[in-house]
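One structure is given below, encoded as structure tokens.
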Amino acid sequence: MDDFNKKIFSYLLFTGILFSIVGVFGIFSPTIFSIYLVYILSAFFLVSGVKNFSKGFQFRRVTNFHWGLYIFLGALEIIIALSLLVTPFASQIYMIIYAGIFMVFKGIFIVLNVLFNRKIFPNLVNFSLGSGVIDVLFGFLLVALPFFSQQFIFLCIAWYILFSGANLILSAFSFKNSK
């Protein structure tokens with residue numbers, strides 16, 4: 001494996017382990033997790049935004065790959081992260097619904113991108129489809145949950161971060177084995 005691929009593998013593995021640890025922490029300590037939720041979500045969106053932004057630039061020369069949308073998505077996630085850090089006292093319910101809507105659109109984008117490009121990038125299906133499905137499912141849950149029960153919102157976010165971390169770890173090894 002060359003140096004570039006080792007960096008990608010290390011990044012995916014480290015980020016996946018970090019997300020998994022934060023998710024497990026949120027599941028077993030929901031009170032503390034809810035207090036720091038704004039900062040956890042802003043860090044999550046910042047890391048995800050940097051990942052998508054860099055992914056867009058890495059694949060900008062590949063035909064039939066929607067690299068511009070990844071750059072846009074990454075920039076949007078970075079802006080969301082910065083706005084959460086600047087105004088942490090904004091209503092958490094509106095923030096969670098907004099994040100849920102964003103996750104639904106992000107997940108749909110990822111799933112459609114994978115399905116349309118599966119013949120060109122066969123490894124992309126194993127690498128990204130799980131991420132898109134997780135985003136769609138938890139996005140719908142985050143949009144609907146505040147209207148029914150606010151006490152489970154923090155557990156939902158903790159499980160989402162845990163599943164995202166597990167998906168990143170699996171993606172790291174899938175990426176490593178595809179090279």
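By how many nm would the segment from residue 50 to residue 101 lengthen if fully extended, with 0.36 nm per residue of separation less the alpha-carbon distance? Full-extension gain reported as 16.4 nm. Karplus-derived 3J(HN,Hα) values for segment 165-175, using 6.51 cos²θ - 1.76 cosθ + 1.60 with θ = phi - 60°, are x, 4, 5, 5, 5, 5, 5, 4, 6, 5, 5 Hz; glycine and proline are entered as x. Computed over the chain with a Gaussian network model linking Cα atoms closer than 10 Å, the most mobile of 55, 106, 119 is 119.
Summing +1 for each Lys or Arg and -1 for each Asp or Glu, what net charge is found among the other residues whose Cβ lies under 10 Å from the Cβ of residue 67?
Values: positive: 55, 60, 61; negative: none.
Surrounding charge for residue 67 is +3.
Hey, with R₀ at 25 Å, roughly what FRET efficiency would residue 10 and residue 116 work out to, going by the Cβ-Cβ distance, to 0.05? My answer for the efficiency is 0.30. Please identify, among 117, 52, 167, the residue showing maximal mean-square fluctuation in a Gaussian network model of the chain using a 10 angstrom Cα cutoff. Per the Cα network of the chain with a 10 Å cutoff, 117 tops the list.
In terms of its Cα atoms, segment 1-58 spans 43, 20, 9 Å along the principal axes, sorted from long to short. According to the Kirkwood relation over distinct C-alpha pairs, the hydrodynamic radius of the chain is 16.6 Å.
Do the sum for the chain: with -39,500 (n - 2.57) for every DSSP H run of n ≥ 4, divided by all residues, what is the mean residue ellipticity at 222 nm, to the nearest 500 deg cm²/dmol? Write out the running numbers ahead of the final one.
Working: 7 runs with 152 residues, N = 179.
After summing the helix terms and dividing by the residues of the chain, the value is -29500 deg cm²/dmol.
A simple charge model with +1 on the Cβ of Lys and Arg, -1 on the Cβ of Asp and Glu and nothing else charged puts the dipole of the chain at about 580 debye relative to its Cα centre.
Take the residue pairs 55/106; 6/51; 7/119; 7/55; 106/176; 6/119 and return only those whose Cα atoms are more than 18 Å apart. Intermediate values should be presented prior to the final figure.
Working: 55/106 14 Å; 6/51 15 Å; 7/119 26 Å; 7/55 13 Å; 106/176 25 Å; 6/119 25 Å.
Those over the limit are 7/119; 106/176; 6/119.
Using Cβ point charges alone (K and R +1, D and E -1), the dipole size of segment 1-88 about the Cα centre works out to roughly 200 debye.
Net charge near residue 77, counting Lys/Arg +1 and Asp/Glu -1 over other residues with Cβ under 14 Å of its Cβ?
On the way: positive: 51, 55, 106; negative: 135.
Computed value for this residue: +2.
We did not get these values from a lab; they are worked out from the coordinates using the rules stated. This is a predicted model, so every value here is computed, not measured. Please note: Cβ atoms are built from the backbone with ideal geometry, for glycine as well, and neighbour counts cover all protein chains shown.
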